[in-house]
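Some notes on the structure that comes next.
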Amino acid sequence: QVQLVESGGGLVQPGGSLRLSCAASGFTFSRTYMNWYRQAPGKERELVAGISSTGMTNYADSVKGRFTISRSNVKNTIYLQMNGLKPEDTAVYYCKTRWSGNDYWGQGTQVSVSS
């Protein structure tokens, strides 16, 4: 079955960096669009970034120039490099894909930005 497992979250000071990973299995990863979402306390889940099977990317305006999404079709993994982190980036980060007409989500990884 489809599985998405995020890792790499943690506590970081403002201005710091983190790299999130999402390991995927159970579907043809190399052909599949992948997304990172996040959900802050009391807020709706929002799209952070997406990457196509060929590596084309898109970003939310709030993270453009600071975050970079990438993928390895060898390791079946997507990444989110987050630089210049701000307190407002604090959230649970999820990877998400759509396969055979269904949406699949990982369990999430907590990112906290605080001094």
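Quick notes on this structure:
- Scanning the stretch 21-33 for residues that are open to solvent by 60 Å² or more (accessible area, probe 1.4 Å) and either part of a helix (DSSP H, G or I) or closer than 14 Å to Thr90 by Cα (or both) returns a single hit, Arg31.
Results for (1) among the basic types (Lys, Arg); (2) in a strand (DSSP E or B); (3) in contact with a Gly (Cβ under 7 Å, 6 or more places away or on another chain); (4) open to solvent by less than 40 Å² (accessible area, probe 1.4 Å), shown as yes or no for each residue.
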position	(1), (2), (3), (4)
Asn35	no, yes, yes, yes
Leu47	no, yes, no, no
Asp61	no, no, no, no
Lys64	yes, no, no, no
Tyr94	no, yes, yes, yes
Gln107	no, no, no, no
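- Scanning the stretch 83-92 for residues that are open to solvent by less than 60 Å² (accessible area, probe 1.4 Å), under 16 Å from Arg19 (Cβ atoms), assigned to a loop (DSSP other than H, G, I, E, B) and not aliphatic (A, V, I, L, M) returns a single hit, Gly84.
- Within the stretch 74-115, the residues that satisfy the criterion of being aliphatic (A, V, I, L, M) and within 18 Å of Val63 (Cα to Cα) are Ile78, Leu80, Met82, Leu85, Ala91, Val92, Val111, Val113.
- Qualifying residue in the stretch 4-20 (condition: in contact (Cβ under 8 Å) with a residue 60 or more places away in the chain, within 28 Å of Ser100 (Cβ to Cβ), open to solvent by 20 Å² or more (accessible area, probe 1.4 Å) and not in a loop (DSSP other than H, G, I, E, B)): yes
- Any hit, the stretch 87-94, residues being at pLDDT 95 or above, within 12 Å of the chain's Cα centre (by Cα) and more than 20 Å from Pro14 (Cα to Cα): yes
The values are calculated or read from the model by the stated rules, or taken from the named source; none is laboratory data. Quantities reported herein were computed from a predicted structural model and do not represent experimental measurements. Cβ atoms come from the backbone with ideal geometry, glycine included; neighbour counts cover every protein chain shown. SASA here: full protein model, heavy atoms, side chains in, ligands and nucleic acids out. Shrake-Rupley method; radii C 1.70, N 1.55, O 1.52, S 1.80 Å.
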